[in-house]
Amino acid sequence: MNNTMPEVKPPTDMESAETQNQAKALVPEPLSPEQIEDLKTQAAKADENWQRALRTAADLDNFKKRASREKEEAIKFANESLIKRLVPVLDNFDAAMAAANQAQGGSVQSLQTGVNMILQQLKNALAESGLEEVDATGKTFDPNLHEAISQQDSTEVPEGQVLQQLRKGYKLRERLIRPASVMVAKKPAA
């Protein structure tokens, strides 16, 4: 085994100059005071933009949270105006029940009048909130508004016309909430 060191050749002038050029390329030239000032200005602008971006992101996050809270609250209290209209009706029903408990034999007529007034008050409160009755009596059957419960032979009205409304239907503005349950006329079997 040969333990001799490899022979190292001294650099030639050409190699030495090339190595020095490479070393100079790695060391940056010193910056002028104007360049340093320009870099400081750019760093300050970058920091300002970064801070602005952080504030904008925080504002957006806060806006999303606030909008979410407001939406939840709006859903939670969406029926508030309707409930406010119905509370007096509830009070009147309580008063009517108290009067019915104290009523003597001749007060039935006044109790009936009072309950009819409460019913009208309830209908008005619901109508103000956009509730509409779907009246099907005497009209042509419409599957978009009516639910046929049965058919009955009839010579008095044309086939497909509503003979009797069994349960009222309701719409909230233009949206059907519950179809009217109806009995529809059909031609009698020959």
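Only the coordinates and a few stated rules stand behind these numbers; no lab work does. These figures come from a predicted structure and were not determined experimentally. For neighbour counting, all protein chains shown are included, and Cβ atoms are generated from backbone atoms with ideal geometry for every residue, glycine included.
General remarks:
- About the Cα centre, charge dipole magnitude for the range 31-190 (Lys/Arg +1, Asp/Glu -1 at Cβ), debye: 320
- Angle between the chain longest axis and helix 33-76 axis [Cα atoms, degrees, rounded to 10]: 20
- The chain, helix-only ellipticity at 222 nm - DSSP H runs n ≥ 4, -39,500 (n - 2.57), divided by all residues, nearest 500: -19000 deg cm²/dmol
- Just so you know, the Cα atoms of the range 132-190 work out to an Rg and Dmax of 11.8, 43 Å.
- Classification of the range 99-175 by its C-alpha gyration tensor yields an oblate form. The axis ratio a/c (a ≥ b ≥ c) is 1.5 or more, and b/c is at least a/b.
- On Cα atoms only, tilt of 80-102 relative to the major axis of the chain in degrees: 30
- Principal-axis analysis of the Cα atoms of the chain puts helix 108-128 at an angle of about 30° to the longest axis.
- Percent breakdown of C-alpha pair distances by 10 Å bin, ordered from the shortest bin, for the range 30-115: 14, 17, 13, 12, 11, 9, 8, 7, 5, 4, 2, 0
- Relative contact order of the chain, pairs being alpha-carbon contacts under 8 Å that are 6 or more residues apart, as %: 14
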